[in-house]
1. Diagonalise the Cα gyration tensor of the range B:1-112 and give the resulting equivalent ellipsoid semi-axes, square root of 5 times each eigenvalue, largest first, whole Å.
2. Please rank B:48, B:227, fewest neighbouring Cβ atoms within 10 Å first, as an exposure proxy.
3. Using a label position 7 Å from Cα in the Cα→Cβ direction, what is the ascending list of nm distances from residue A:138 to the same site in the other copies?
4. Which order results if A:41, A:6 are arranged by neighbouring Cβ count within 10 Å, fewest first?
5. What do you get for Rg/Rh of the range B:54-129 when both radii come from the Cα atoms and Rh is the Kirkwood radius?
6. List, shortest first and in nm to one decimal, how far the label point of residue A:156 (7 Å from Cα along Cα→Cβ) is from its counterparts in the other copies.
7. For an R0 of 22 angstrom, estimate the FRET efficiency from the Cβ-Cβ distance between residue B:37 and residue A:141 and round to the nearest 0.05.
8. Expressed as a whole percent, how much of the Cα-Cα distance distribution for the range B:175-245 exceeds 13 Å?
């Protein structure tokens with residue numbers, strides 16, 4: 001099984017943590033968004049990462065990939081069993097993928113960490129202020145109301161909780177962390193998810209990517225324990241991408 | 001069971017068609033996006049429609065609502081059974097919800113039909129040209145490659161196909177229809193879905209909404225056969241909404 005996508009993407013990280021929990025052997029082709037070649041466009045019509053490739057099967061979208069993994073390898077489970085619980089888990093995942101994706105990735109991580117490096121573009125400070133002082137706090141008020149008092153929502157960690165924790169990991173890399181005094185249950189919940197061994201194991205990969213020049217990145221990832229594919233769907237230069245919308 | 005949301009929303013229409021196929025009795029509170037009151041914000045933290053309310057259960061997101069309906073009322077099915085087929089169906093639905101949502105709803109229907117009426121704002125003609133001449137055709141090239149030669153993808157109509165057909169219904173209301181000479185399989189596929197009785201039954205509701213002044217809309221909907229709720233989460237004036245992002 002091959003995952004195409006960078007370890008610093010929260011959507012890729014969600015899938016890598018799910019694969020690790022399931023104990024499914026896999027390799028990673030660590031291309032970054034915007035750096036995919038034409039064959040990548042064919043595999044991923046919206047030029048999104050991650051892509052899962054398993055023989056003839058090609059799947060897009062982290063949520064869909066994780067549902068597929070949970071249906072194909074049900075043990076240990078990553079989704080609750082009762083329909084109402086499943087709907088609740090899916091909504092938490094969708095809230096994270098859409099709302100936290102907009103706030104933590106596009107308007108925070110992308111503009112502060114990615115755009116200055118890749119596109120030589122400086123962040124919009126007024127919008128950053130709106131994100132960190134108004135919109136992320138409002139999202140966290142909602143998350144605080146969903147957070148369990150201890151452990152996880154459904155007796156075991158679920159995909160939605162992994163996804164949620166992934167977005168706050170990227171926010172932290174971009175220099176923003178939630179105030180545990182203001183959102184105590186949310187902060188403890190996210191910290192519990194990030195502390196599970198399969199999640200904690202992803203952090204050295206991010207560090208390897210963020211602290212290495214492009215040319216040394218593969219070696220740094222391998223040194224950090226990543227199993228990388230020999231093939232790649234990446235190319236040396238970024239190109240305009242639908243992901244920018 | 002109560003569905004909060006307007007019959008002209010493609011996401012609401014998807015759920016209404018699913019409920020009709022399943023034969024599940026329901027009422028509709030026909031609020032339009034941007035017109036929800038504070039209680040609506042509590043039920044729908046991203047102020048999106050549709051919302052499903054079933055006793056204490058409140059669900060957001062048309063995809064999640066339809067998965068819940070299919071898990072709770074499995075007959076007749078709206079999803080295929082094999083995990084790889086389910087992933088394929090989910091990806092088609094996600095492609096429609098995200099990409100066609102952006103193209104057909106926000107950049108076509110919203111700007112041409114909704115914004116001039118609700119927000120007194122005229123459409124950006126250059127972007128409309130980009131959507132109808134470049135981006136929608138590119139999306140349709142991909143859809144054409146997915147289209148079955150006849151009938152439906154998985155032996156019965158599935159949620160993803162209903163969703164797909166919903167977006168092209170809104171595009172048609174906004175004056176854009178795909179060229180059947182250029183995309184023959186896609187055009188025939190969408191027409192087949194729109195022709196199933198449960199889908200065709202939604203069209204008089206749209207007409208009632210689009211051709212009636214606000215004050216007469218409830219009566220027009222009831223005359224067209226809609227079963228409406230007595231309560232409402234709507235309010236008379238639109239307000240700023242997260243949906244505008």
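1. On the way: eigenvalues 102, 75, 28 Å².
Each semi-axis is √(5λ); the values are 23, 19, 12 Å.
2. Details: B:48 20, B:227 10.
Going from least to most buried by this count: B:227, B:48.
3. In nanometres, ordered from closest: 3.1.
4. Numbers: A:41 15, A:6 23.
By the 10 Å Cβ count, ascending: A:41, A:6.
5. Values: Rg = 17.2 Å, Rh = 15.1 Å.
Reported Rg/Rh (Cα atoms, Kirkwood Rh): 1.14.
6. Label-point distances to the other copies, shortest first: 2.9 nm.
7. Working: r = 19 Å, r/R0 = 0.86.
It comes to 0.70.
8. Numbers: 1896 of 2485 pairs.
Of all Cα-Cα distances in the range B:175-245, 76 percent exceed 13 Å.
None of the figures in this text is laboratory data; all of them are computed from the coordinates on show. Note that the structure is a prediction, hence the values are computed from the model and not measured. Cβ sites come from the backbone with ideal geometry, for glycine too, and all protein chains shown count toward neighbours.
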